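Worksheet: one structure, shown below.
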């Protein structure tokens, strides 16, 4: 749901039945058998799969989010967040999932900065429990490892472990991708930080489990679609981004329009199209169709120089993974 600065918008009875009765009786079993076959064929039809783009390769945490985004999810990996959004935009996949923040390492800026530029709608969020493992080739011991490869977020989330064992961190485009590449390189003095499933997929051994710095390691993924979703009777969250003029007090006046609402996130980011200008990202508990939130959004529209409602969607209540 994209909002721009504009005005706001609810048989005939057969008298010769006796001679034909035998024929009717004989045909009844055939009709019943035909109906039974049709019913059986109908019940054997499998639900259509929902293709879901994620960044990375099989075994990535994004694949976990993709699988949780739909009952009949068919995850498909891409190299970059740009490619994930583009796959959804052109209809190559039905949905896409991107990580936007982690409970330890903070915002995933490479993904979040793309949201104002896309016409896709946020239709859901998924919280993935992140449980990192140090993986290496079979037979390699921890004391042999000098370098560790992983996604920058995973390295940040395991910074304490990496420093304790004097490992040199090396950034990779994806956790599971790093595992796959280690197998291909065959290096015995290197390890990767990735999920246990990634190790199983690429034949790596676990040198250490649960190496993240804190137990409450969760990553929030957004589910994006070309279409908005139908209203559901569940707790909702609404996400928007806006900018204000460089006028004293204008930011405060704009934020005051949200007074009385529970803001679960507020963060500023540099604009990608204008130097020294900033975008404000806001998450609000509640549905944009609720009167109090709709009125607050109208207030923001009247104050801000740019506003975009990124989506109003069911809130994640339990983590997965």
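The values are calculated or read from the model by the stated rules, or taken from the named source; none is laboratory data. As the structure is a computational prediction, the values presented were derived from the model and not from experiment. Virtual Cβ from ideal backbone geometry, glycine too; neighbours counted across all protein chains shown.
Scanning region 114-124 for residues that are assigned by TED's automatic domain parsing to the domain that holds residue 197, over 13 Å from residue 182 (Cα atoms) and crowded, with 21+ Cβ neighbours inside 10 Å turns up nothing. Name the single residue, out of those in region 213-224 being crowded, with 20+ Cβ neighbours inside 10 Å and at pLDDT 95 or above, that is nearest to residue 154 (Cα to Cα). The residue in question is 219.
If we keep just the residues of region 74-98 that are touching a helix residue (DSSP H, G or I) at 6+ places or on another chain (Cβ under 6 Å) and under 23 Å from residue 180 (Cα atoms), which is surrounded by the fewest Cβ atoms within 10 Å (Cβ to Cβ)?
So the first thing to find is which residues in region 74-98 are touching a helix residue (DSSP H, G or I) at 6+ places or on another chain (Cβ under 6 Å), and the list is 75, 78, 81, 93, 96-98.
Now restrict to residues that are under 23 Å from residue 180 (Cα atoms): 75, 78, 81, 96-98.
On the way: 75: 23, 78: 20, 81: 22, 96: 32, 97: 30, 98: 26.
Filtering first and then ranking leaves 78.
From the residues in region 230-252 that are more than 20 Å from residue 291 (Cβ to Cβ) and surrounded by 15 or more Cβ atoms within 10 Å (Cβ to Cβ), which one is nearest to the chain's Cα centre (by Cα)? Per the stated criteria, the residue is 241. Applying the condition of being at pLDDT 95 or above and part of a loop (DSSP other than H, G, I, E, B) to region 95-116 and asking which residue is nearest to residue 81 (Cα to Cα) yields 114.
Taking residue 68, is it more than 23 Å from residue 152 (Cβ to Cβ), modelled with pLDDT under 95 and either surrounded by 10 or more Cβ atoms within 10 Å (Cβ to Cβ) or not assigned by TED's automatic domain parsing to the domain that holds residue 281 (or both)?
Working: more than 23 Å from residue 152 (Cβ to Cβ): yes; modelled with pLDDT under 95: no; either surrounded by 10 or more Cβ atoms within 10 Å (Cβ to Cβ) or not assigned by TED's automatic domain parsing to the domain that holds residue 281 (or both): yes.
No: the conditions fail for residue 68.
Give region 284-315 a look and list any residue that's buried (at least 21 other Cβ atoms within 10 Å of the Cβ), out of contact with any helix residue (DSSP H, G or I) (no Cβ under 7 Å at 6 or more places or on another chain) and in a strand (DSSP E or B), or say none. Result: 311, 312, 313.
Selection of region 248-276 for residues being at pLDDT 90 or above and under 12 Å from residue 116 (Cβ atoms) yields 269, 270, 271.
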